1. Select from the stretch A:480-497 the residues that are open to solvent by less than 80 Å² (accessible area, probe 1.4 Å) and of a type in the set (Ser, Thr, Tyr) and list them in ascending order.
2. Say whether the condition of being open to solvent by 10 Å² or more (accessible area, probe 1.4 Å) and more than 15 Å from the chain's Cα centre (by Cα) is met by at least one residue in the stretch A:122-131.
3. Considering the stretch A:53-97 alone, what residues qualify as being open to solvent by 20 Å² or more (accessible area, probe 1.4 Å) and without any contact (Cβ under 8 Å) to a residue 24 or more places away in the chain?
4. Would you point out the residue of the stretch A:217-247, among those that are β-branched (Val, Ile, Thr) and more than 23 Å from A:THR174 (Cα to Cα), that is surrounded by the fewest Cβ atoms within 10 Å (Cβ to Cβ)?
5. Identify, by number, the condition in (1) open to solvent by less than 40 Å² (accessible area, probe 1.4 Å); (2) outside any loop (DSSP other than H, G, I, E, B) that A:GLU214 doesn't meet.
6. Just need a number here: residues in the stretch A:370-421 that are in a strand (DSSP E or B) and touching a residue at least 24 places away in the same chain (Cβ under 8 Å).
7. At least 1 residues that are open to solvent by 50 Å² or more (accessible area, probe 1.4 Å) in each: list the strands (runs of 3 or more DSSP E) lying fully within the stretch B:69-116 that qualify.
8. Go through (1) surrounded by 23 or more Cβ atoms within 10 Å (Cβ to Cβ); (2) in contact with a helix residue (DSSP H, G or I) (Cβ under 7 Å, 6 or more places away or on another chain); (3) charged (D, E, K, R) one by one and return the number of the condition A:ARG140 breaks.
Amino acid sequence: MSVRTSLGLACTAIVSVALAPCARAQEINYGALSAMFGEPVTTSATGSPQKASQTPANLQIITADDIRRSGATDIPDILRYYAGIDVRTEGALDNDVSIRGYGQPYNPRLLVLINGRQVYLDDYGYTAWQNLPVQLADIRQIEIVRGPASALFGFNAASGVINIITYDPLFDKTNVLNFGIGTHGTYTGSLVSTLNEPGKGGITVQLGGIKTDEFNQSAISYSPPPDASRPYAGNYAVDARFKPTDNTEVTLETTKSVSNASYEGSIFNYSTQSYRIESYKAGISADTQLGLISLLGYTNEAETTYHSSASSTPENDNNQIYVIQLNDLFKIANAHAIRLGLEYRNNRGSGLLFAGTLHYNNFAADAMWNWQISPSLSFTAAGRIDHLEIERDDPLSSADIYTPADYNASNFTTPSYNVGVVWQPTANDTFRFLTGRAVQAPSLLDLGFDIQIPEGPISVVVAGNPNLKPSISTNYEIDYDRQISPIHSILRTAIYYNISQDFMANASGLPGHFADGAYQFYSENTGNGQAAGGEMGLSGSNDAGFRWNASYSLVSVRNKTPFGPPSAPANFNNATPTSAIDFGGGYSWHQWETDAEAHWQSNYENNIYSATATGTVYTPVAVANYITASARIGYTVNSHVILAVAGQALTQANQNGFGAPQPYRRVLFSATFTY
Amino acid sequence: MTPPKNKTVPVSRTGRFIAMGMAVAGLLPLPAHAAVSAKDIQVVARVLGFTTTPLTGNVKMGIVYDAANAGSAADEQALLGILGSGLTVGALTLIPVPITIDKLGSTPAGFLFLTAGLGAEAAKVGSQANAAKLLCITNDLAATQAGSCAVTVQTANGVQITVNKAAAQSSGVAFASAFMLMITEI
C-alpha cells in the first residue's frame, strides 16, 4: 500500500470517529485563551495549552506587536535580539539560527515549525528561512523553546524549537497589505486576507516576497551565475479552517515558496540555490468524550538546485516527507493532563546527489503526563520512542563500500524525554527544574549522499553512511523568573549544562582516504561536546509608553572530535560567541512608535572554504567582537494606514570575518494598509 | 489589539504599599476573595466563550447580591459601575441585571454572577442555577468550593479560574476541553 493511500485511509477512519456526535465543543483557540489569561498561551512545551509563564520549558514568546516594532523583513532578524540565540547572516537572504552554541551553516539542531508543521528540511538537515511560507503580518506569535524538546516534537529539536503560530482564520480576521522599498534595490510586499464567519469557518490567503541586492561576494572563491546578484524569495499560503460540527474542526492548508539566492552550505561553501517547496496539510480535531483527539497529516516537497563553482552543471536534490500524527489530549482526576500520540513519517531523498532514491520510515509513540500537584507546583514527564528503518533499492556507485543491502539492514530505535518541575512559591516567582534528552536524526544526505567522479585513472567517491548513529542531546537546567512589579518588568534567568553525543558531518566536509583505486569520503559521527551557560534578561513596559529589554547570554562549548584540523564542520569549540548582550527600547507617543535593538557578541571563529586538487581546505578566520543594531520609526496615519522607516545592520559590522561576505546596512520605507 | 484599561475598586496608595510589602515578605495570606474588579469581568466574559454553547451578543448578567450584606452590596455597586449600560468584550456585551438574593428566579438572566461573602446564602444561588440551567460565576472561591457556584474567577495575582465540575454539570453547563486543561478543577 502506498504512503498516499495509507494517509487517505487513516484520515477517513479518523474523520468517521471524530464526526460521531459528542457533547462538547472547541479546539485550541489561542486568541481567546490568551485574552482570557492576559498572557500568551502555548502548546509548545507539553502539547497541552498552557500559560506561557507556567510551562515546564524555557519558553519565550515573541508577540505580533514585537514583530511589527522590529521593522524586520524576516524572522532571523527578529530572533537575533533574543537571549541564547545566535544568527549568522551569510547572504542577503541567507541566515542560520542556532540556540545555545554549536552555530554552523545549515544548522541541523534547531527544529522549526509553522502551526506544528515541520518546515525544517531533512535533506541536509536545516531550515531555509527565506522560504518560510508565512507573512510577518499573519504571525500571532513566535515561540522559542530553548533546550531539547524531542519528547513532544520528535527528531531534531536537539537544541530547541522555533514554533511559528499564525492567526486562526476560524476566529481571527487579518487583512493587511504591505509594501516596502529600500536601499540596495530592496523591494518587499505582502498581502494577507481573511474571509471568515468567526467560529464557523474561514480562509486566509497570504502571499509575499522580497527582491534585493546580494552581499558583495568578490572575496570568496565562488563565481556566481549572473542572476545571483539579485536574489529573490516569494511564497504563498492558503489556510482554511472550518467546523463541520460543533465539536470538530477541520484544517486544510497548502503553501508554496520559491527562491533564488546565494547560500553558505554546511561545509562553508557558497553556491547559488534555487528552491521550490510545496506543502499540503489536512487535519481534523474533535472534542470527544475521550478527550481532544487530533489527526494531522501533511507532506512537504522540496526541490533544490545548486549552482556552484565546483560543478559545471547544476546539482539537484528532492526531499519529500509524509507525516501522520494522531494525538489524544485529556484530563483525568482533576489535576492530571495526559497526552498520547502516535506518529508515522516517511522521508525520502532523490535526485543527482542521491544517485537514486533513499528513504526511511519512522514510527514513533509518545506520552505526556502533567500533574498539577498544587496551585503552585506542577510536575511534567514526557517520553517518546522512535524506530527508524532505512530503505534503498537503487544501486550505489561502484566504488562505494556500502551496498543497498547495508542500507536495508540499517535501523535504530531511540528514546527521548523531557521532565520538568515548575514551582511558583509566590505570584511573582517561578522556578523551573528541567531535564531532557533529544534526538537529532542523520540527514538524508548524511545517510545517502552518493557521487562518484572520475579523476583520470582513479575516482573520487563522496558518499553517505547507513551506519550513522543519531546524535543525542541531553540537557540539565534550572530557570528562575521574577515579576518585578514596581518597575513593570520581568527578570528571566537560566543556567544549563548540555551534553551532545555523536555529532554528524556529511562526507564532503571530512577527510578522505585512498582505497581500492579511489579517494573515498564518507559521512561520519564526529565526536561529542559539552556546553554550559545561561541567560539573564530583564524586559518590561509601562503605561507611559516606554518598553525596554536587556539580556546577557553565556555559552561555553567544548567538543572533542577524532577529526583534527582542518575538519571545520566537526569543530564547534569557537563556532559560537561565548558572550552576547542584547538590549533595546522603545517608546509610543500618540501616533508615533519608535524602537531600537542592539546586539553585541564576543569573538568567534568562522571558516573560509576553498576546494583544491587534494581536497577541501578550511581557513580559520577570527571574527572580532562586534555590535549590530536595528531601529524603526512608525507613524500611524489612521486606523488603516501605518508608515514606517526601518534600518537593519545599522553599524555595518564585520560579522563573518575577512574574506567572507558581510551584511550591508539597509534602510526600508514601508506602508501598511489594514482593511 | 490593546485590551481596555482595567478599572479596580480604589485602594489607598498607603494601603497598597503596605499590602505589597507584606505580600513580598510572604506575611499576607491570600484572601478567599477580593473586591470585584473590571479585570474580573473581562475574564468572566471570556469564560462564557468556552462553554459548549458559547454566549454571544447581548447577555444579561444577573448580579446576585444581598442588600443587607455590606460586602455583597459593595460588589453589586462596583459591578454596576464597571458594566455601565453594557460592557462589550469580544463577541458579547454584558448587560447588568441586579437580582437580590431573595428574589432569585424573578428576573431572567443569561448567567448569574454571585457577589462575594454571602456564606450559606450562596447555596440558594446554586439551587437556582441548577433549576434554571444557568451558569454561575463568582469571585468568591469559597462559594465554588462549596458547590454553590460553578466557576470562580480571580485576577488579583494573575488570572486564576476554578471550576467545580459537579456544580457545572448540575447546572447543565460543560466547557471545552482546551479550557478545562488550563484551569483548576475541583
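The values are calculated or read from the model by the stated rules, or taken from the named source; none is laboratory data. Computed from a predicted structure; not experimentally measured. Note: ideal-geometry Cβ built from the backbone for every residue, glycine included; neighbour counts use all protein chains shown. What goes into the accessible areas is simple: the full protein's heavy atoms, side chains included, and nothing from ligands, DNA or RNA. Shrake-Rupley method; radii C 1.70, N 1.55, O 1.52, S 1.80 Å.
1. Scanning the stretch A:480-497 gives A:TYR480, A:SER485, A:SER489, A:THR493, A:TYR496.
2. No - not one qualifying residue is present in the stretch A:122-131.
3. Across the stretch A:53-97, the qualifying residues are A:ASP65, A:ASP66.
4. Once the filter is applied, the top-ranked residue is A:THR245.
5. Answer for A:GLU214: the failing condition is (2).
6. Residues of the stretch A:370-421 that are in a strand (DSSP E or B), as a first pass: A:370-374, A:377-392, A:411-421.
If we keep only those that are touching a residue at least 24 places away in the same chain (Cβ under 8 Å) as well, we get A:370-373, A:377-392, A:411-421.
Counting residues in the stretch A:370-421 that are in a strand (DSSP E or B) and touching a residue at least 24 places away in the same chain (Cβ under 8 Å) gives 31.
7. B:87-89, B:92-100
8. (1)
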